[in-house]
Amino acid sequence: MSESIVKELRAALRGDVLTSEPMSRHTTWRIGGPADLFVQPQDRDDLLTALKILQQAQLPWQVIGNGSNMLVGDGGIRGAVIHMGRLDRYDFSAAPLVTAEGGLRLMTLVREACKSGLGGLEQLAGIPGTLGGSVAMNAGAGQQDLGRLVRTVVLAGADGEEQWTAEQLRFAYRSTNLPAGRVVVAVQLKLVSAEAESLQEEVKQRLLQRRRSQGVGRPNAGSVFKNPPGEQAWKLIDRAGMRGAVVGGARVSERHSNFIVNGGSARAADVLTLMEQIQDRVYRQSGINLEPEVRIVGEL
């Protein structure tokens, strides 16, 4: 990594610029080798400055929020990682229209919306990611998914910010038409007025239900595979006899078989091998190809 780029970023930004930062510190799986550069912008202006400098240096970059739903390779990430954690402001003043920044934890938005008597997000309670990441993958649970609520999204790139509509984003099951080289910096959602106490009670029940079914007790990235049409991935994995399967420090959870947990010493290579074994066994047992829901990044 060029020292001049590091110096330029540190001089221009108010946020943090780290080198050789272990990604295991920033992912919910607690797995991942070092990122050459780890940039944490202080706000939207900082983010735009960082993107411009990285483009001028022709340095590749990628974005993370809470580090859930992703597996970083043991070789780490070449180029820069941009961490969105400080872009976490939200505004309910135009309710039921709500605006929030991409680095805001989705669960924070769920709680604050329900407390304010704004419904539409309550079934998403317990999803661990940020709002930006949840938009990128069209996070969903129960009968709700985020895409149905999105009106507009502000995207940032090296040339500035632009606004996209929900129609342009073309939300689908666990996917969004986000253009390359852009970061979700703000989202406008249209919620519905509802009784705050009943919304908060539903959130409470949803969290209890998640703890019962998904409280696996070890670092994990949530559901590893997408549900195929008309099927549930965990049932396919169960029927293939993979519940409890182990590779190195990685294990298919006994409580929820679409979760792979880090027993304490797992490497990305262990998780990937276990994922491949699951896909192979499920295909041989059912003829169905399981598609990963987790994003796999970095050098393996």
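What the table below lists for this structure:
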{"read-out": "Rounded percent of accessible protein surface that carbon and sulfur make up, the chain, 1.4 Å probe", "value": "45"}
{"read-out": "Whichever lysines have a C-alpha closer than 25 Å to that of K52, once near sequence neighbours (fewer than 8 apart) are set aside", "value": "K7"}
{"read-out": "Percent RCO, i.e. relative contact order, over segment 108-234, from Cα pairs under 8 Å lying at least 6 residues apart", "value": "30"}
{"read-out": "Size of electric dipole in segment 1-109: Cβ of Lys, Arg +1 and of Asp, Glu -1, about Cα centre, debye, nearest 20", "value": "100"}
{"read-out": "Of T165, A240, G298, farthest towards positive along the dipole that unit charges on Lys, Arg, Asp, Glu beta carbons give the chain", "value": "A240"}
{"read-out": "Hits among aspartates and glutamates - C-alpha to C-alpha of K226 under 19 Å, sequence gap 8 or more where chains match", "value": "D145, D238, E254, E276, D280, E291, E293"}
{"read-out": "Correct choice for mean projected area of the Cα convex hull in nm² that was computed from the model, options (i) 13.0; (ii) 15.3; (iii) 16.7", "value": "(ii)"}
{"read-out": "Coil-residue GluC sites (Glu not before Pro) of segment 159-240, DSSP, other Cβ within 10 Å capped at 16", "value": "E195, E231"}
{"read-out": "Set of aspartates and glutamates with alpha-carbon distance to K115 below 17 Å, sequence-local pairs under 8 removed", "value": "D91, E195, E197, E201, E202"}
{"read-out": "In order through segment 60-76: 3J(HN,Hα) via Karplus (6.51 cos²θ - 1.76 cosθ + 1.60), integer Hz, x for Gly, Pro", "value": "x, 8, 8, 10, 10, x, 7, x, 8, 6, 8, 10, 9, x, 5, x, x"}
{"read-out": "HN-Hα J in Hz across segment 17-24 - Karplus 6.51, -1.76, 1.60, θ = phi - 60°, x for Gly and Pro", "value": "10, 10, 10, 6, 7, x, 6, 4"}
{"read-out": "Using a Förster distance of 22 Å, the FRET efficiency for K7-D45 (Cβ separation, nearest 0.05)", "value": "0.65"}
{"read-out": "Estimated FRET transfer efficiency (S198, Q232; beta-carbon r; R0 35 Å; 0.05)", "value": "0.80"}
{"read-out": "Phi to ³J(HN,Hα) by Karplus 6.51 cos²θ - 1.76 cosθ + 1.60 over segment 168-173, Hz, x for Gly, Pro", "value": "5, 6, 6, 4, 9, 4"}
{"read-out": "Solvent-accessible heavy-atom area per residue, rounded to whole Å², over segment 3-83 at 1.4 Å", "value": "41"}
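The values are calculated or read from the model by the stated rules, or taken from the named source; none is laboratory data. In this text, all values refer to a predicted model and were calculated from it rather than measured experimentally. Cβ sites come from the backbone with ideal geometry, for glycine too, and all protein chains shown count toward neighbours. The area values use the complete protein model at the heavy-atom level, side chains included, leaving out ligands, DNA and RNA. Shrake-Rupley method; radii C 1.70, N 1.55, O 1.52, S 1.80 Å.
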